[in-house]
Amino acid sequence: MFLNDIYQALDPIALQLGPIAIRWYGLAYLAGFVLGGLAAWAIIRRWRLDITQDELVNIVIGISLGIIVGARVAYVLFYGAGYYLEHPLEVLALNQGGMSFHGGLAGAIVGGAIVCRSQRISVPTMCDVGVCVAPIGIFFGRCANFINGELWGKPTDLPWGVMFETGGGVYRHPSQLYEALLEGLVMFLVLFVLSRRQPPRPQFTFLGTFLLLYGIFRFLIEFVRMPDAQLGYLFGGVITMGQCLSLPLVVAGILLLVLSHRWKRPQVGRLPEKDAA
């Protein structure tokens, strides 16, 4: 169980400065935003979009705030199981964990769109740029989940099983690393290859591809990942909340790819004064 040896040697706290603990989870978010911003700038230059570095920084800040708010709100609504109705102040206790990817995605789109509209930058194009680099953040985030020993999978006797501290003393699927591989590395490589073509592929191509692949990968991984303890399996033990939230992403991804093929709208940066989308 080589992965188990690695996990047992890891500490969720990366650095301790007196009473201040810097955790790998926070560093993962920071790395995702910074590296994602740098990768987005590379795509903007490759596609020759009329967007400045300052504007991109503003967009990244808007997306970052949207992710944090959206991920927390969605977790409270979909995964809280009524707990936060009894403990409303704990909604703000981000240090205790509890973030939903699906809510973070919605928050990122809303936060980024607000900034884009204020700067007359095409929202569909920035969505396409954003999802090309989003797998970087997903990769780091899932690796941090592994270090934290959370969101682990079902029991397994495979040679890469891991005995997590809160996992009941049995070897389990490192489902966090499955997600880091598929939703992070594989999706990044697919979108990176698609983004290399000149002229760029039409608007919504990348967003549609991202939603489709993420929805499929997340739905499949949920079969070896334990559902949230407070929810368990839904609809008579058939499906998890993660799968329920992923199916609409698959449908939306297919729809966007169809529309992208029909509309063939070119990628653009800045919009004329009269436009706001």
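Under a Cβ-only charge scheme (Lys and Arg +1, Asp and Glu -1), can you give me the dipole magnitude of the chain about the Cα centre, in debye to the nearest 20?
Once rounded to the nearest 20, the dipole reads 1240 debye.
Any idea how far apart L231 and R270 come out in nm if each label point goes 7 Å out from Cα toward Cβ?
Computed distance between label sites L231 and R270 equals 4.4 nm.
Report, by chain and number, residues whose modeled amide H sits under 5 Å from the one on R225, excluding near sequence neighbours (fewer than 5 apart, same chain).
K154
Given points 7 Å out from each Cα along the Cα-Cβ axis, report the V110 to K154 separation in nanometres with one decimal.
Reported label-point gap for V110 and K154 is 3.4 nm.
Could you tell me how many degrees, from 0 to 90 and to the nearest 10, lie between the Cα long axis of helix 241-263 and the main elongation axis, the longest principal axis, of the Cα atoms of the chain?
20 degrees
I'd like the FRET efficiency for C244 and R45, computed as 1/(1 + (r/R0)^6) with the beta carbon distance as r and R0 of 25 Å, rounded to 0.05.
0.05
Which value, in Å², gives the accessible area per residue of the chain when a 1.4 Å probe is used on the protein heavy atoms?
51 Å²
What is the local net charge at L245, summed over the other residues whose Cβ is closer than 13 Å to its Cβ (Lys, Arg +1; Asp, Glu -1)?
For residues surrounding L245, the net value is -1.
Could you tell me what percent of the accessible area of the chain is made up of carbon and sulfur, with a 1.4 Å probe and every protein chain present?
Exposed carbon and sulfur together represent 69 percent of the surface.
When a/c reaches 1.5 or more, the comparison of a/b and b/c decides; with that in mind, is region 1-150 rounded, prolate or oblate per its Cα gyration tensor?
It is oblate, given that a/c is not under 1.5 and a/b is not larger than b/c.
Mind sorting out which of [x] 20.9; [y] 19.8; [z] 20.4 is the real Kirkwood radius over Cα pairs in Å computed from the coordinates?
This structure yields the entry labelled [y].
For the chain, what does the helix formula give at 222 nm: sum of -39500 (n - 2.57) over DSSP H segments with n ≥ 4, over the residue count, nearest 500 deg cm²/dmol?
Per the formula, -18500 deg cm²/dmol.
For region 195-266 and region 134-187, what is the centre-to-centre distance using only Cα atoms, to the nearest Å?
20 Å
Express the relative contact order of region 148-277 as a whole percentage, based on alpha carbon pairs under 8 Å and six or more residues apart in sequence.
25 percent
What is the set of long-range amide H partners of R23 at a cut-off below 5 Å, with H atoms built 1.01 Å from backbone N?
Answer set, sorted by chain and number: A14.
The values are calculated or read from the model by the stated rules, or taken from the named source; none is laboratory data. On a predicted model such as this, the values are computed, not experimentally measured, just so you know. Glycine gets a Cβ as well: all are built from the backbone with ideal geometry, and neighbour counts include every protein chain shown. For accessibility, only protein heavy atoms count, side chains too; no ligands or nucleic acids. Shrake-Rupley method; radii C 1.70, N 1.55, O 1.52, S 1.80 Å.
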